[in-house]
(Lines give C-alpha, C1' and ligand atoms only; values in the text may rest on other atoms or scores of the structure.)
Protein backbone atom coordinates (compact mmCIF):
# COMPACT_ATOMS: atom_id res chain seq x y z
CA UNK A 1 0.00 0.00 0.00
CA UNK A 2 1.31 3.45 -0.83
CA UNK A 3 0.27 6.95 0.20
CA UNK A 4 -1.78 7.48 -2.96
CA UNK A 5 -4.10 4.68 -1.90
CA UNK A 6 -5.22 6.76 1.05
CA UNK A 7 -7.38 8.84 -1.27
CA UNK A 8 -10.17 7.72 -3.59
CA UNK A 9 -9.15 4.69 -5.60
CA UNK A 10 -5.76 3.08 -6.07
CA UNK A 11 -4.15 2.57 -9.45
CA UNK A 12 -5.71 -0.90 -9.63
CA UNK A 13 -9.14 0.62 -9.10
CA UNK A 14 -9.62 -0.73 -5.58
CA UNK A 15 -11.38 1.54 -3.06
CA UNK A 16 -9.02 3.78 -1.13
CA UNK A 17 -8.84 4.12 2.62
CA UNK A 18 -9.85 7.79 2.63
CA UNK A 19 -13.26 8.46 1.02
CA UNK A 20 -13.63 10.78 -1.92
CA UNK A 21 -14.64 14.34 -0.95
CA UNK A 22 -18.34 14.89 -1.53
CA UNK A 23 -20.75 17.81 -1.18
CA UNK A 24 -22.42 15.80 1.58
CA UNK A 25 -19.54 16.64 3.91
CA UNK A 26 -19.75 19.93 5.81
CA UNK A 27 -16.45 21.39 4.60
CA UNK A 28 -17.51 22.40 1.03
CA UNK A 29 -20.60 24.13 2.40
CA UNK A 30 -18.64 25.98 5.07
CA UNK A 31 -16.23 27.21 2.41
CA UNK A 32 -19.15 28.09 0.11
CA UNK A 33 -20.69 30.30 2.81
CA UNK A 34 -17.35 31.96 3.55
CA UNK A 35 -16.60 32.58 -0.14
CA UNK A 36 -20.09 33.98 -0.77
CA UNK A 37 -19.74 36.42 2.13
CA UNK A 38 -16.23 37.34 1.00
CA UNK A 39 -17.46 38.02 -2.54
CA UNK A 40 -20.25 40.26 -1.24
CA UNK A 41 -17.88 42.10 1.12
CA UNK A 42 -15.28 42.57 -1.62
CA UNK A 43 -17.89 43.80 -4.10
CA UNK A 44 -19.20 46.25 -1.48
CA UNK A 45 -15.74 47.59 -0.78
CA UNK A 46 -14.93 47.95 -4.49
CA UNK A 47 -18.29 49.60 -5.18
CA UNK A 48 -17.77 52.09 -2.34
CA UNK A 49 -14.31 52.89 -3.68
CA UNK A 50 -15.74 53.52 -7.14
CA UNK A 51 -18.54 55.69 -5.75
CA UNK A 52 -16.11 57.78 -3.73
CA UNK A 53 -13.73 58.20 -6.66
CA UNK A 54 -16.59 59.11 -9.02
CA UNK A 55 -18.03 61.70 -6.63
CA UNK A 56 -14.61 63.13 -5.86
CA UNK A 57 -13.78 63.50 -9.55
CA UNK A 58 -17.08 65.28 -10.21
CA UNK A 59 -16.68 67.68 -7.30
CA UNK A 60 -12.91 68.09 -7.31
CA UNK A 61 -12.95 71.40 -9.19
CA UNK A 62 -16.48 72.43 -8.27
CA UNK A 63 -17.26 75.73 -6.56
CA UNK A 64 -20.63 77.15 -5.51
CA UNK A 65 -21.05 80.90 -5.15
CA UNK A 66 -24.04 82.04 -3.10
CA UNK A 67 -25.27 85.63 -3.17
CA UNK A 68 -26.94 85.97 0.21
CA UNK A 69 -29.16 89.05 0.19
CA UNK A 70 -32.77 89.58 1.23
CA UNK A 71 -33.32 92.31 -1.40
CA UNK A 72 -34.16 90.70 -4.79
CA UNK A 73 -32.80 93.62 -6.82
CA UNK A 74 -29.47 93.74 -4.97
CA UNK A 75 -29.21 89.96 -5.10
CA UNK A 76 -29.68 89.84 -8.88
CA UNK A 77 -27.32 92.77 -9.45
CA UNK A 78 -24.54 91.22 -7.41
CA UNK A 79 -25.11 87.82 -9.02
CA UNK A 80 -24.71 89.29 -12.52
CA UNK A 81 -21.59 91.21 -11.48
CA UNK A 82 -20.07 88.13 -9.81
CA UNK A 83 -20.80 86.01 -12.89
CA UNK A 84 -19.04 88.53 -15.13
CA UNK A 85 -15.96 88.58 -12.88
CA UNK A 86 -15.82 84.79 -12.62
CA UNK A 87 -15.90 84.31 -16.39
CA UNK A 88 -12.86 86.59 -16.75
CA UNK A 89 -10.71 84.73 -14.24
CA UNK A 90 -8.08 82.43 -15.80
CA UNK A 91 -8.59 79.66 -13.19
CA UNK A 92 -12.31 79.36 -13.99
CA UNK A 93 -13.19 76.87 -16.74
CA UNK A 94 -16.93 77.53 -16.64
CA UNK A 95 -19.41 79.56 -14.60
CA UNK A 96 -23.19 79.38 -14.91
CA UNK A 97 -25.92 80.90 -12.79
CA UNK A 98 -28.51 78.38 -11.64
CA UNK A 99 -31.78 79.15 -13.38
CA UNK A 100 -34.60 80.48 -11.22
CA UNK A 101 -37.00 77.81 -12.48
CA UNK A 102 -34.57 75.11 -11.34
CA UNK A 103 -34.44 76.64 -7.87
CA UNK A 104 -38.22 76.76 -7.76
CA UNK A 105 -38.53 73.10 -8.73
CA UNK A 106 -35.96 72.12 -6.10
CA UNK A 107 -37.64 74.12 -3.35
CA UNK A 108 -41.24 73.34 -4.21
CA UNK A 109 -41.46 70.02 -2.28
CA UNK A 110 -40.31 71.77 0.90
CA UNK A 111 -41.81 75.25 0.54
CA UNK A 112 -45.03 74.29 -1.24
CA UNK A 113 -44.87 77.10 -3.76
CA UNK A 114 -48.06 77.70 -5.68
CA UNK A 115 -48.48 78.61 -9.36
CA UNK A 116 -47.63 82.27 -9.79
CA UNK A 117 -45.32 82.45 -6.77
CA UNK A 118 -41.73 83.51 -7.49
CA UNK A 119 -38.57 82.74 -5.65
CA UNK A 120 -37.84 86.46 -5.38
CA UNK A 121 -40.57 86.60 -2.72
CA UNK A 122 -38.30 84.53 -0.47
CA UNK A 123 -34.78 85.39 0.79
CA UNK A 124 -33.21 82.52 -1.15
CA UNK A 125 -29.57 83.04 -2.24
CA UNK A 126 -28.74 83.28 -5.91
CA UNK A 127 -26.51 80.38 -6.90
CA UNK A 128 -23.63 80.30 -9.39
CA UNK A 129 -22.11 76.95 -10.34
CA UNK A 130 -18.37 77.31 -11.03
CA UNK A 131 -15.98 74.75 -12.51
CA UNK A 132 -12.26 75.39 -11.97
CA UNK A 133 -9.44 74.18 -14.17
CA UNK A 134 -7.68 72.72 -11.11
CA UNK A 135 -8.78 71.25 -7.76
CA UNK A 136 -10.66 73.59 -5.45
CA UNK A 137 -7.99 74.04 -2.81
CA UNK A 138 -8.54 76.40 0.16
CA UNK A 139 -6.15 78.92 -1.42
CA UNK A 140 -8.13 79.00 -4.68
CA UNK A 141 -11.41 79.34 -2.78
CA UNK A 142 -9.95 82.25 -0.78
CA UNK A 143 -8.70 83.90 -3.99
CA UNK A 144 -12.17 83.69 -5.54
CA UNK A 145 -13.71 85.17 -2.41
CA UNK A 146 -11.28 88.09 -2.59
CA UNK A 147 -11.94 88.64 -6.30
CA UNK A 148 -15.70 88.85 -5.71
CA UNK A 149 -15.57 90.99 -2.59
CA UNK A 150 -15.55 94.27 -4.52
CA UNK A 151 -18.50 93.58 -6.85
CA UNK A 152 -20.52 91.19 -4.71
CA UNK A 153 -20.01 91.75 -0.97
CA UNK A 154 -22.83 89.31 -0.19
CA UNK A 155 -21.08 86.45 -2.04
CA UNK A 156 -20.06 83.28 -0.21
CA UNK A 157 -17.70 80.86 -1.95
CA UNK A 158 -17.77 77.17 -0.99
CA UNK A 159 -16.00 74.14 -2.42
CA UNK A 160 -18.60 71.56 -3.40
CA UNK A 161 -16.40 68.69 -2.21
CA UNK A 162 -16.46 70.15 1.31
CA UNK A 163 -20.20 69.49 1.54
CA UNK A 164 -19.64 65.78 1.03
CA UNK A 165 -16.71 65.41 3.44
CA UNK A 166 -18.87 63.50 5.97
CA UNK A 167 -20.06 61.22 3.15
CA UNK A 168 -16.48 60.52 2.06
CA UNK A 169 -15.53 59.74 5.66
CA UNK A 170 -18.46 57.35 5.97
CA UNK A 171 -17.44 55.65 2.70
CA UNK A 172 -13.87 55.24 3.97
CA UNK A 173 -15.17 53.75 7.23
CA UNK A 174 -17.36 51.29 5.35
CA UNK A 175 -14.40 50.30 3.18
CA UNK A 176 -12.34 49.55 6.27
CA UNK A 177 -15.28 47.57 7.63
CA UNK A 178 -15.45 45.51 4.43
CA UNK A 179 -11.70 44.88 4.64
CA UNK A 180 -12.03 43.80 8.27
CA UNK A 181 -14.85 41.43 7.36
CA UNK A 182 -12.72 39.87 4.61
CA UNK A 183 -9.89 39.40 7.12
CA UNK A 184 -12.25 37.69 9.58
CA UNK A 185 -13.58 35.42 6.84
CA UNK A 186 -10.01 34.50 5.91
CA UNK A 187 -9.35 33.51 9.51
CA UNK A 188 -12.58 31.51 9.52
CA UNK A 189 -11.49 29.64 6.39
CA UNK A 190 -8.13 28.78 7.93
CA UNK A 191 -9.79 27.60 11.14
CA UNK A 192 -12.27 25.41 9.25
CA UNK A 193 -9.54 23.75 7.19
CA UNK A 194 -7.37 23.19 10.28
CA UNK A 195 -10.24 21.53 12.14
CA UNK A 196 -11.14 19.35 9.15
CA UNK A 197 -7.51 18.28 8.61
CA UNK A 198 -7.01 17.43 12.27
CA UNK A 199 -10.25 15.44 12.36
CA UNK A 200 -9.18 13.49 9.26
CA UNK A 201 -5.78 12.80 10.81
CA UNK A 202 -7.38 11.43 13.97
CA UNK A 203 -9.74 9.21 11.97
CA UNK A 204 -6.90 7.87 9.80
CA UNK A 205 -4.20 7.60 12.47
CA UNK A 206 -3.82 3.81 12.15
CA UNK A 207 -3.73 4.01 8.37
CA UNK A 208 -1.07 6.71 8.48
CA UNK A 209 1.08 4.60 10.80
CA UNK A 210 0.83 1.66 8.37
CA UNK A 211 1.79 3.89 5.46
CA UNK A 212 4.82 5.10 7.40
CA UNK A 213 5.89 1.53 8.06
CA UNK A 214 5.56 0.82 4.32
CA UNK A 215 7.93 3.69 3.55
CA UNK A 216 5.48 6.54 2.98
CA UNK A 217 6.82 9.99 3.82
CA UNK A 218 5.14 12.89 5.57
CA UNK A 219 5.19 14.85 2.31
CA UNK A 220 3.31 12.05 0.48
CA UNK A 221 0.66 11.88 3.18
CA UNK A 222 0.34 15.67 3.21
CA UNK A 223 -0.26 15.67 -0.56
CA UNK A 224 -3.23 13.33 -0.05
CA UNK A 225 -4.85 15.76 2.37
CA UNK A 226 -3.92 18.69 0.13
CA UNK A 227 -5.80 17.10 -2.74
CA UNK A 228 -8.84 16.54 -0.57
CA UNK A 229 -8.74 20.14 0.68
CA UNK A 230 -8.32 21.44 -2.87
CA UNK A 231 -11.30 19.51 -4.23
CA UNK A 232 -13.56 20.49 -1.34
CA UNK A 233 -12.45 24.12 -1.51
CA UNK A 234 -12.96 24.20 -5.29
CA UNK A 235 -16.48 22.80 -4.97
CA UNK A 236 -17.37 25.17 -2.15
CA UNK A 237 -15.70 28.12 -3.84
CA UNK A 238 -17.69 27.58 -7.04
CA UNK A 239 -20.97 27.44 -5.14
CA UNK A 240 -20.01 30.47 -3.04
CA UNK A 241 -18.98 32.50 -6.09
CA UNK A 242 -22.29 31.80 -7.84
CA UNK A 243 -24.29 32.70 -4.72
CA UNK A 244 -22.25 35.85 -4.16
CA UNK A 245 -22.59 37.03 -7.76
CA UNK A 246 -26.36 36.47 -7.64
CA UNK A 247 -26.55 38.58 -4.47
CA UNK A 248 -24.44 41.32 -6.08
CA UNK A 249 -26.67 41.43 -9.16
CA UNK A 250 -29.81 41.67 -7.01
CA UNK A 251 -28.33 44.43 -4.84
CA UNK A 252 -27.08 46.32 -7.91
CA UNK A 253 -30.56 46.28 -9.41
CA UNK A 254 -32.02 47.63 -6.16
CA UNK A 255 -29.51 50.49 -5.93
CA UNK A 256 -29.81 51.32 -9.62
CA UNK A 257 -33.54 51.85 -9.12
CA UNK A 258 -32.73 54.73 -6.73
CA UNK A 259 -31.54 56.85 -9.66
CA UNK A 260 -28.79 58.41 -7.53
CA UNK A 261 -25.66 59.69 -9.20
CA UNK A 262 -23.46 58.30 -6.43
CA UNK A 263 -25.20 54.91 -6.68
CA UNK A 264 -24.54 54.78 -10.42
CA UNK A 265 -20.90 55.67 -9.78
CA UNK A 266 -20.57 52.54 -7.60
CA UNK A 267 -20.93 50.22 -10.61
CA UNK A 268 -18.24 47.55 -10.79
CA UNK A 269 -15.76 47.65 -13.65
CA UNK A 270 -14.17 44.72 -15.46
CA UNK A 271 -11.10 44.84 -13.23
CA UNK A 272 -13.35 44.63 -10.16
CA UNK A 273 -14.98 41.50 -11.58
CA UNK A 274 -11.54 39.98 -12.16
CA UNK A 275 -10.74 40.55 -8.47
CA UNK A 276 -14.05 38.97 -7.45
CA UNK A 277 -13.49 35.98 -9.73
CA UNK A 278 -10.07 35.44 -8.15
CA UNK A 279 -11.52 35.07 -4.64
CA UNK A 280 -12.40 31.33 -4.99
CA UNK A 281 -8.92 30.67 -6.43
CA UNK A 282 -7.37 32.39 -3.43
CA UNK A 283 -9.65 30.30 -1.20
CA UNK A 284 -8.43 27.07 -2.80
CA UNK A 285 -4.78 28.12 -2.47
CA UNK A 286 -5.33 29.08 1.17
CA UNK A 287 -7.08 25.77 1.93
CA UNK A 288 -4.29 23.73 0.29
CA UNK A 289 -1.53 25.61 2.10
CA UNK A 290 -3.34 25.41 5.44
CA UNK A 291 -4.00 21.67 5.03
CA UNK A 292 -0.36 20.98 4.16
CA UNK A 293 1.06 22.94 7.09
CA UNK A 294 -1.49 21.46 9.50
CA UNK A 295 -0.83 17.87 8.41
CA UNK A 296 2.95 18.21 8.43
CA UNK A 297 2.87 19.82 11.86
CA UNK A 298 0.56 17.11 13.24
CA UNK A 299 2.62 14.29 11.73
CA UNK A 300 5.79 15.59 13.37
CA UNK A 301 4.06 15.46 16.74
CA UNK A 302 2.33 12.15 16.04
CA UNK A 303 5.41 10.06 15.17
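The values are calculated or read from the model by the stated rules, or taken from the named source; none is laboratory data. Bear in mind that the values here come from a model prediction, so they are computed numbers and not experimental data. Using ideal geometry, Cβ is built from the backbone for each residue, glycine included, and neighbour counts are taken over all protein chains shown.
Does residue 243 fit the bill of being in contact with a helix residue (DSSP H, G or I) (Cβ under 6 Å, 6 or more places away or on another chain), surrounded by fewer than 21 Cβ atoms within 10 Å (Cβ to Cβ) and closer than 28 Å to residue 277 by Cβ? Show your work before the answer.
Values: in contact with a helix residue (DSSP H, G or I) (Cβ under 6 Å, 6 or more places away or on another chain): yes; surrounded by fewer than 21 Cβ atoms within 10 Å (Cβ to Cβ): yes; closer than 28 Å to residue 277 by Cβ: yes.
Answer is yes for this residue.
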* Single condition residue 119 does not satisfy, out of (1) crowded, with 16+ Cβ neighbours inside 10 Å; (2) out of contact with any helix residue (DSSP H, G or I) (no Cβ under 9 Å at 6 or more places or on another chain); (3) at pLDDT below 65 -> (2)
* Can you name the number of the only condition in (1) at pLDDT 90 or above; (2) surrounded by 12 or more Cβ atoms within 10 Å (Cβ to Cβ); (3) within 14 Å of the chain's Cα centre (by Cα) that residue 274 fails? -> (2)
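Among the residues of segment 253-261, is any surrounded by 13 or more Cβ atoms within 10 Å (Cβ to Cβ), in contact (Cβ under 8 Å) with a residue 40 or more places away in the chain and in a helix (DSSP H, G or I)?
As a first pass, look at segment 253-261 and keep what is surrounded by 13 or more Cβ atoms within 10 Å (Cβ to Cβ): 255-256.
Then drop every residue that is not in contact (Cβ under 8 Å) with a residue 40 or more places away in the chain, which leaves none.
Checked segment 253-261: no residue is surrounded by 13 or more Cβ atoms within 10 Å (Cβ to Cβ), in contact (Cβ under 8 Å) with a residue 40 or more places away in the chain and in a helix (DSSP H, G or I).
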* **Residue list for segment 126-166, filter: more than 32 Å from the chain's Cα centre (by Cα) and in a strand (DSSP E or B)** => 126, 127, 128, 155, 156, 157
* Asked: Quick one: is residue 219 surrounded by 18 or more Cβ atoms within 10 Å (Cβ to Cβ), modelled with pLDDT under 85 and in the same structural domain as residue 293 (by TED's automatic domain parsing)?
  -> no
* Being surrounded by 14 or more Cβ atoms within 10 Å (Cβ to Cβ), more than 30 Å from residue 266 (Cβ to Cβ) and either out of contact with any helix residue (DSSP H, G or I) (no Cβ under 8 Å at 6 or more places or on another chain) or at pLDDT below 75 (or both) narrows it down to one of 154, 74, so name that one. => 74
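Residue-wise test of (1) modelled with pLDDT under 55; (2) more than 21 Å from residue 197 (Cβ to Cβ); (3) crowded, with 16+ Cβ neighbours inside 10 Å.
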| position | (1), (2), (3) |
| --- | --- |
| 4 | yes, no, yes |
| 13 | yes, yes, no |
| 17 | yes, no, yes |
| 29 | no, no, yes |
| 32 | no, no, yes |
| 47 | no, yes, yes |
| 54 | no, yes, yes |
